[in-house]
1. Given (1) over 25 Å from Val144 (Cβ atoms); (2) touching a residue at least 60 places away in the same chain (Cβ under 8 Å); (3) not in a helix (DSSP H, G or I), identify the lone condition not met by Arg48.
2. Condition test on Ala120, is it free of Cβ contacts under 8 Å to residues at least 40 places away in the same chain, closer than 28 Å to Asp168 by Cβ and open to solvent by 60 Å² or more (accessible area, probe 1.4 Å)?
3. Tell me which residues, restricted to the stretch 62-90, are outside any helix (DSSP H, G or I), small (Gly, Ala, Ser) and open to solvent by less than 30 Å² (accessible area, probe 1.4 Å).
4. Open to solvent by 50 Å² or more (accessible area, probe 1.4 Å) and within 14 Å of Arg88 (Cβ to Cβ), is that true of Arg48?
5. Considering each of Ser10, Ser59 in turn, give the residue that is in a helix (DSSP H, G or I) and either in contact with a helix residue (DSSP H, G or I) (Cβ under 8 Å, 6 or more places away or on another chain) or not hydrophobic (A, V, I, L, M, F, W, C) (or both).
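The values are calculated or read from the model by the stated rules, or taken from the named source; none is laboratory data. Bear in mind the structure is a predicted one, so any value in this text is a computation, not a measurement. Here the Cβ positions follow ideal geometry from the backbone for every residue, glycine too, while neighbour counts run over all protein chains shown. Just so you know, the surface numbers come from the protein's heavy atoms only, side chains and all, with ligands and any DNA or RNA stripped out. Shrake-Rupley method; radii C 1.70, N 1.55, O 1.52, S 1.80 Å.
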Amino acid sequence: MSRRELAERSLLGVGAALCLALALALGLLALDASRSRDALAQGDVDYRVTPEKTGLWRSTTVVPWDLAVRLIGTEDDVDLRRAVRSARLARLDDPGVSVSDPELALLRNDAQARLDALVASDASAEEKSRAAGLLGVLGLARLVSETQDRVALLGATVANLQLAIALDPSNDDAKYNLELALQRARGIQLTEGAGGQNPSPGGSGSSGAGAGDPGSGY
């Protein structure tokens, strides 16, 4: 057998090996994609039953770097769900909780960081709108419990809610919460204009609309 024939056979062998490796990689990606979709659906079910459960919406994958998740485009969906979970566990709808509770503070900070990242990402306008709206909910909750820098906090809250509406004009939750924020603004302006102190936290507070269960509104 000539050297040319040997070289051709060698190339054919390499090509076959590469095709086999590619087929295996595609098969593993398909398996990871299926697992990721299943984990998303199962995570939604588990969240509704036990939101405190850890590891929600997470699947065991074979291909590194979460490549399958990136390919099927569920990364932003998972990030938003986890932000909503942190916000819910932080008990934003309960004005009676202690704001000095370090666990709740960590959850609120985690939700804030996740939502900020989503708003700055290349997620869909609807997802970014919901994230911005939830930042507004966080701001409303802080207005109930905090007495420092309320004007700046109120301005950021209103800006986030206005951004949510601009991104998705059908976001009725953001519109409702914006009206609440503007009502708070009038109260704070009247208080400061009279030269009095900011009112102490308390009262009925606001649960804030739009912090619904993950899986709804997607």
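1. (3)
2. yes
3. Ala90
4. Numbers: open to solvent by 50 Å² or more (accessible area, probe 1.4 Å): yes; within 14 Å of Arg88 (Cβ to Cβ): yes.
Against the criterion (open to solvent by 50 Å² or more (accessible area, probe 1.4 Å) and within 14 Å of Arg88 (Cβ to Cβ)), Arg48 qualifies.
5. Numbers: Ser59 fails: in a helix (DSSP H, G or I).
Going through Ser10, Ser59 in turn, the sole match is Ser10.
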